[in-house]
Structures are given as structure tokens and as C-alpha cells.
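The values are calculated or read from the model by the stated rules, or taken from the named source; none is laboratory data. Small disclaimer: the values here were computed from a predicted structure and weren't measured. With ideal geometry, Cβ positions are generated from the backbone for all residues, glycine too; neighbour counts draw on all protein chains shown.
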Amino acid sequence: MREDPAELAARLRPSRQDGDHPRPVLVRPQWAPLDGPAGFATDDEGVGLDERWWERPERLDRTITLPFPPESRASGIADERPHPVVWYRIALPAERLAAAGHRPGRRLLLHFGGVDYHAIVWVDGVEAGSHEGGQSPFALDVTDALTGGGPHTVVVRAWDDPHDRSQPRGKQTWRDEPAGIWYQRSTGIWRPVWIESVPPVHVRRILWRTPAAEEAVTAVIELNRRPRRPLPLRLGLAHRGRPLARASAVARERITTVRLTVPGGAGLRWGPEHPELVDAVVAVGDDLVSSYLGLREIGRTPRALTLDGRPVYLRQVLEQCYWPDSLFSAPSARALADEAELVLRLGFNGMRIHQQSADPRLLHWADRLGLLVFGEIGAAHDFDSEAVRRLRREWAQVVRANQGHPSIVCWVPVNESWGFPDIPRRPEQARAAAALARLTRSIDPSRPALSNDGWHHVDSDLLTVHDYDANPARLRLRYRGRQMERWIAPGVLGPARAFVVVGSDQPVDLPVLLDEFGGVDFRPDGGRGWGYSTVRTRGRFVRRIGELVAAVRASDALGGYCWTQLTDTGQETNGLCDENRRPKAPVQELAAIFGQDPQPPTRAGN
């Protein structure tokens with residue numbers, strides 16, 4: 001790279017990308033999507049492996065539109081029946097290879113944003129690799145499988161047992177039909193498929209350390225392998241088109257750490273009121289990637305989460321990331337930008353992406369808009385050794401994949417003891433939940449982690465409570481500091497008649513968040529749906545929301561809340577918007593309710 005990296009970062013401005021790239025925090029100049037029409041077949045009898053379907057295109061004689069799951073209308077299949085095995089045949093034409101910049105001497109990476117649940121991949125009839133975990137992205141080096149001059153073909157077999165409760169599945173139903181808070185299944189490929197061409201030694205991941213006390217940034221550059229010979233490394237930072245800092249080093253190991261001084265960095269800090277992003281370019285040998293970062297440090301006091309030492313009151317909304325025509329797959333990249341903008345317009349400063357791994361394109365818009373995100377994963381629903389193994393493995397992959405997004409301020413591996421149903425009485429379940437929190441911190445010590453969200457905390461950095469009481473007076477009384485202190489203690493029942501704290505190892509001098517409440521069912525068309533409480537008119541809907549939020553905001557002890565929920569989802573009609581993202585009340589009225597911070601909490605006795 002001859003151009004100065006800081007000047008190149010200023011020119012490229014990766015923080016202002018259009019949002020289409022499936023991995024926005026690590027972008028190469030060339031890449032190519034493989035979404036669109038593909039061959040498809042179901043394999044209910046499980047004969048495809050024995051009959052070598054990867055060599056028999058006539059068996060994959062239906063057409064599906066990727067990346068949408070076959071249960072969805074957007075896929076063109078719209079088959080909601082359970083199918084444990086599905087197959088895909090994806091064309092890999094020469095023009096896509098050229099668009100990805102592939103040429104002799106380089107390696108071709110085939111990326112999958114998500115394949116539910118276990119995938120085997122063949123390229124030109126050669127098995128290229130496999131992956132377990134429906135919510136974690138993965139990439140395969142398929143260079144050695146490419147034969148001749150093409151055309152080339154990718155075949156994918158996806159196994160996804162629809163009734164397996166030890167498989168991390170989140171809100172996907174394990175029954176034949178959706179009901180209550182459980183939604184339609186999402187089988188097979190459900191996030192973007194794409195390719196990029198890279199040098200034999202290339203950048204795999206970039207992490208940024210941005211302590212508030214210093215005008216400096218530390219970059220951790222991770223390569224795919226240790227280089228055989230030292231490689232020159234150059235790094236540049238820019239802000240709003242202005243070169244900011246540059247550094248040079250030599251990459252001798254798989255991981256290289258580089259420190260850059262950032263003049264004026266104190267004025268570039270990232271947060272909800274000022275979501276400043278710093279652009280970055282990294283060159284290692286022949287590899288060139290662009291990225292971005294947010295200068296911010298997450299901490300906590302006994303009362304609140306903090307950014308750079310300043311308390312932040314969380315006003316989040318529960319985000320199910322579910323659309324009527326495409327299910328858990330976003331209908332388009334633009335829809336994800338619209339989603340983040342909708343959250344902001346409704347007055348929230350964050351969102352809890354619920355029971356699935358976050359789409360990196362949605363996180364990109366959260367980064368740009370300054371939304372504070374709790375990162376989560378879909379739960380298993382049985383507790384056994386296989387469920388624990390699966391969840392630990394996949395959760396580690398999700399944390400590593402999304403760790404570069406500044407918008408994520410907390411990690412949530414477990415929700416409401418799903419998959420861990422008896423933490424108070426089963427020590428092995430308590431140990432497993434605590435181990436997930438410790439695993440999270442070992443991968444990413446820069447953010448808080450929860451052992452469980454809602455109750456039964458055994459090793460959490462924040463205390464979170466779920467409470468769907470529809471009586472504002474009771475909420476107002478329950479979350480007064482002195483009253484709340486009585487049940488934020490081991491062995492004392494809290495809201496939902498559940499122990500908030502289990503065991504003596506869980507600290508209690510932590511911020512307390514009402515991490516789910518509300519859930520008001522209202523259908524403007526007068527129909528019936530499902531929610532935690534129900535109103536029948538728009539006026540009562542706005543009034544109920546206002547009374548509940550006012551009761552919570554009056555608390556002198558809470559550090560924030562998360563409202564349930566952003567949109568209706570299937571039969572669950574307790575959204576602020578319908579399933580097509582149309583607000584059920586004027587946006588300005590809802591924003592006036594959710595856009596207010598209370599006075600800083602002062603926990604009784606402190």
C-alpha cells in the first residue's frame with residue numbers, strides 16, 4: 001500500500017458505508033454476494049448423503065431465494081412444515097469471482113452469515129468443510145476445491161431437527177405450530193452468503209481498546225495464521241474525512257498489538273448523544289482492510305452503567321428482529337437501517353436484540369446512531385450436557401464475531417433461565433450459567449456480562465429484573481430504593497415470584513435494570529392477539545404506556561429499563577408498532593414518553 005493509511009481512511013470513510021456489507025467492521029475493497037436464486041430440496045428421509053446429492057443437481061430441482069429460510073414467503077418456498085434436512089445448490093460464476101477480486105496466488109473465502117443448524121459444504125463436488133451453530137457466522141477457505149475454469153457450484157446440506165430442545169433455538173418453536181411467545185422456525189440458510197478473495201496470510205479480526213483516561217487507541221490485529229516471514233503492518237485513523245493518526249509495525253506472530261496516539265481523542269468519544277466513529281485502515285503485507293471504532297469505555301457504579309465514567313440511564317426496547325414475510329431474516333439491508341432509525345425516533349437510546357445473535361448490519365446502524373445494545377443469543381430449552389456444549393461453543397463464536405461493534409454494551413448468554421430451568425435447586429445449572437459469564441469475560445473483558453437475564457443471577461455484572469405487572473402504583477412502590485433493597489438479596493423472592501439473586505457469590509451492590517416490562521397488547525383493527533395486558537383503544541394504549549413508564553422512571557434505584565416490545569410478532573401483538581413497522585400511536589407521543597431520563601438514581605443507603 002503506497003498511500004498513507006490515515007489519508008486512505010479519511011477518503012474511504014468506512015464508518016459511512018451503505019450498510020450492505022455482511023461484516024461491516026472488516027471490509028475489503030472487493031467482495032461479492034451469492035444471495036438470490038438457488039437450487040433447493042427437502043430431505044425428510046435423510047437419504048441425500050447416501051445418494052450423494054452434492055453430485056446430483058437433478059435432485060435439487062426447486063428454486064429458493066437466498067438468504068431467506070424455506071418457511072418464509074420471501075424465499076418463494078413458504079413451506080411451514082417441519083423439514084429436518086434441506087439442501088441448496090448455489091452458482092459461483094466467473095463474474096462473481098472477478099467481482100470478489102480473485103486471482104491466482106490468492107485464497108477464496110466462502111462466508112455464511114448463518115445456517116441453522118449444522119451445515120456441510122461442498123464446492124465442485126469436494127467437501128470444503130462443515131459448521132455447527134445456527135446463529136454464528138463462519139467462513140471456509142474453498143480455494144483448493146475449485147476445479148478447472150468453472151462454472152463452479154456450492155452445495156450445502158443443512159440439518160436442523162425442529163423438535164430438538166437442547167439445540168440453541170431462541171424463539172423458534174419446537175412444536176408444529178407457533179403459539180404464545182414462540183415463533184415460526186427458520187431452517188437452513190437465513191443470513192447472507194458471500195465471497196471475498198484474500199492473500200494467503202490475511203487479517204481475520206481487529207479489536208480496539210479505547211481507555212477513557214488516555215488519548216490513545218490500541219489495535220489488536222489478528223491474522224489467520226503466523227506468517228512465515230515478518231510482514232510490514234501499517235495502520236491509519238481518520239475522523240470525518242480528516243487524517244488523525246498513523247503507525248507502523250512488523251507482524252511476526254498471529255496477533256500483533258499496535259498503539260496509536262490520538263490527538264484530541266477526548267473530543268471524539270462515542271455515546272448516545274454524540275455517536276462519533278473513527279475510521280481505520282489496516283494493511284498487513286498484501287492485505288488491505290477498512291474498519292471503524294468508537295472511542296468509549298464501559299463501566300458501572302453501584303447505581304448505573306457508565307460510558308467514560310459518566311452514568312447512562314438505559315431506555316431500551318426489546319427487539320425481536322422478526323418480519324412477517326422473511327421471519328428472522330431481514331427483508332433487506334435497508335430494512336435494518338430503518339429498524340435502527342425507528343428505535344431512535346420512538347425515543348429510545350438502545351435496544352436488547354432478543355433471543356438471537358445480532359445481524360452485524362443492524363449493529364452497524366446502532367454504531368452510527370449511538371444506540372446502546374445488549375447482545376444475546378437464542379437459548380436451548382432443555383438442560384443436559386449436549387445443550388451446554390452447544391451453547392458454550394456457539395456463544396463464544398458470536399461474541400468473537402460481534403466484539404468489534406462499539407454499540408454493544410453488555411453480553412447476555414442466558415435469558416430467564418431458558419435451558420437452565422432450576423438454577424436455585426440444581427448446582428450444576430448454577431455452575432453452568434456462571435461459567436458462561438466467566439467465558440464471556442475471558443473473551444471480552446471490556447463489557448459487562450450476565451449469567452442470566454431477568455432473575456436467578458449467580459455471577460452477573462448487572463442485576464436485571466423482568467416484571468410485567470400492569471399496575472403502575474404497584475410498580476412505583478416496588479422499585480423505590482428501600483423497598484427494592486429488600487428483595488435484591490439472596491434467597492428473597494422478587495417480581496414474578498423468582499429469586500433475583502441466587503447464592504452468596506453474586507454481588508448485589510450493582511446497577512439494577514428493569515430489563516423487561518410493559519408488553520401491552522393493542523390491535524388497532526380491533527382483533528385479538530396476545531400480550532401481558534390488553535387495551536382496546538389507541539387512547540388507552542398511550543395512557544397505559546405513559547403510566548407504566550412514569551412509574552418506572554420515578555424509581556430512585558433503577559439504572560434503566562427495556563420496554564417490551566418494538567413490533568408485533570406473529571400472534572404476539574404487544575408491540576409499539578404492528579408487524580409492518582407502523583406505529584400504533586403517533587410517533588411524537590411515544591417519543592415524549594420514552595425519550596425522557598429521570599433524575600440520576602440514588603440507591604437507598606448509599
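Tallying residues that are more than 22 Å from the chain's Cα centre (by Cα) and either among the β-branched types (Val, Ile, Thr) or outside any loop (DSSP other than H, G, I, E, B) (or both) within region 131-157 yields 12.
Per this entry, Ala283 is not counted among residues that are closer than 30 Å to Arg581 by Cβ and not acidic (Asp, Glu).
A count restricted to region 384-404 and to residues that are within 20 Å of Leu372 (Cβ to Cβ) and in a helix (DSSP H, G or I) stands at 4.
Criterion first (surrounded by fewer than 20 Cβ atoms within 10 Å (Cβ to Cβ), of a type outside the set (Phe, Trp, Tyr), at pLDDT 95 or above and within 17 Å of Glu319 (Cβ to Cβ)) does Glu341 satisfy it? Spelling it out, Glu341 is indeed surrounded by fewer than 20 Cβ atoms within 10 Å (Cβ to Cβ), of a type outside the set (Phe, Trp, Tyr), at pLDDT 95 or above and within 17 Å of Glu319 (Cβ to Cβ). Restricting region 361-378 to residues that are surrounded by fewer than 24 Cβ atoms within 10 Å (Cβ to Cβ) and out of contact with any helix residue (DSSP H, G or I) (no Cβ under 6 Å at 6 or more places or on another chain), the residue that is farthest from Leu514 (Cα to Cα) is Arg368. Close contacts from region 334-359, counting a first residue that is farther than 20 Å from Asp20 by Cβ and of a type in the set (D, E, K, R) and a second that is assigned to a helix (DSSP H, G or I) and modelled with pLDDT of 95 or more, with Cβ to Cβ under 8 Å and a gap of 6+ residues or different chains, come to Arg345/Val587; Arg345/Ala591.
Of the residues screened, Thr564 is one that is under 27 Å from Arg478 (Cα atoms), surrounded by 22 or more Cβ atoms within 10 Å (Cβ to Cβ) and out of contact with any helix residue (DSSP H, G or I) (no Cβ under 7 Å at 6 or more places or on another chain). Of all the listed residues (Ser357, Ser329), the sole one being in contact with a Lys or Arg (Cβ under 7 Å, 6 or more places away or on another chain), surrounded by 21 or more Cβ atoms within 10 Å (Cβ to Cβ) and within 23 Å of Gln184 (Cα to Cα) is Ser329. Taken across region 558-579, residues that are touching a residue at least 24 places away in the same chain (Cβ under 8 Å), of a type in the set (Val, Ile, Thr) and assigned to a loop (DSSP other than H, G, I, E, B) do occur, with at least one present. Residues that are outside any loop (DSSP other than H, G, I, E, B), in contact (Cβ under 8 Å) with a residue 40 or more places away in the chain and more than 30 Å from Val201 (Cα to Cα) within region 273-306 comprise Pro275, Ile298, Arg300, Leu305, listed in sequence order. Restricting to region 235-252, name every residue that is over 22 Å from Asp308 (Cα atoms) and within 30 Å of the chain's Cα centre (by Cα). Within region 235-252, Leu235, Gly236, Gly241 qualify. Checking each residue in region 528-546 for being assigned to a helix (DSSP H, G or I), surrounded by fewer than 17 Cβ atoms within 10 Å (Cβ to Cβ) and under 31 Å from the mean Cα position of the chain (by Cα) picks out only Gly546. Listed conditions (1) closer than 25 Å to Pro22 by Cβ; (2) surrounded by fewer than 22 Cβ atoms within 10 Å (Cβ to Cβ) are all met by Pro82, apart from (1). Residues considered: Asp176, Asp161. Of these, the only one that is surrounded by 15 or more Cβ atoms within 10 Å (Cβ to Cβ), in contact (Cβ under 8 Å) with a residue 40 or more places away in the chain and among the charged types (D, E, K, R) is Asp161.
Flag set for Ser385, criterion: among the hydroxyl-bearing types (Ser, Thr, Tyr), assigned by TED's automatic domain parsing to the domain that holds Leu318 and out of contact with any strand residue (DSSP E or B) (no Cβ under 9 Å at 6 or more places or on another chain). Note on region 116-130: residues that are outside any strand (DSSP E or B) and surrounded by 20 or more Cβ atoms within 10 Å (Cβ to Cβ) amount to 1. Given the condition over 30 Å from Thr573 (Cβ atoms), surrounded by fewer than 17 Cβ atoms within 10 Å (Cβ to Cβ) and in contact (Cβ under 8 Å) with a residue 60 or more places away in the chain, answer yes or no: does some residue in region 251-272 qualify? No, region 251-272 has no match at all. Evaluate region 411-427: report whether one residue or more is touching a strand residue (DSSP E or B) at 6+ places or on another chain (Cβ under 9 Å), surrounded by 23 or more Cβ atoms within 10 Å (Cβ to Cβ) and under 28 Å from Asp18 (Cα atoms). Yes, that holds for at least one residue. Taking region 515-527 as the range and being assigned to a loop (DSSP other than H, G, I, E, B) and either in contact with a strand residue (DSSP E or B) (Cβ under 8 Å, 6 or more places away or on another chain) or more than 29 Å from Thr573 (Cα to Cα) (or both) as the test, the residues that pass are Gly519, Phe522.
On the stretch given as region 360-394, residues that are farther than 15 Å from Glu276 by Cα and more than 11 Å from the chain's Cα centre (by Cα) total 16.
For first residues located in region 90-119 and of a type outside the set (S, T, N, Q), partners that are assigned to a helix (DSSP H, G or I) and lie 6+ apart or on another chain with Cβ distances below 7 Å form the pairs Arg107/Thr143; Leu108/Thr143.
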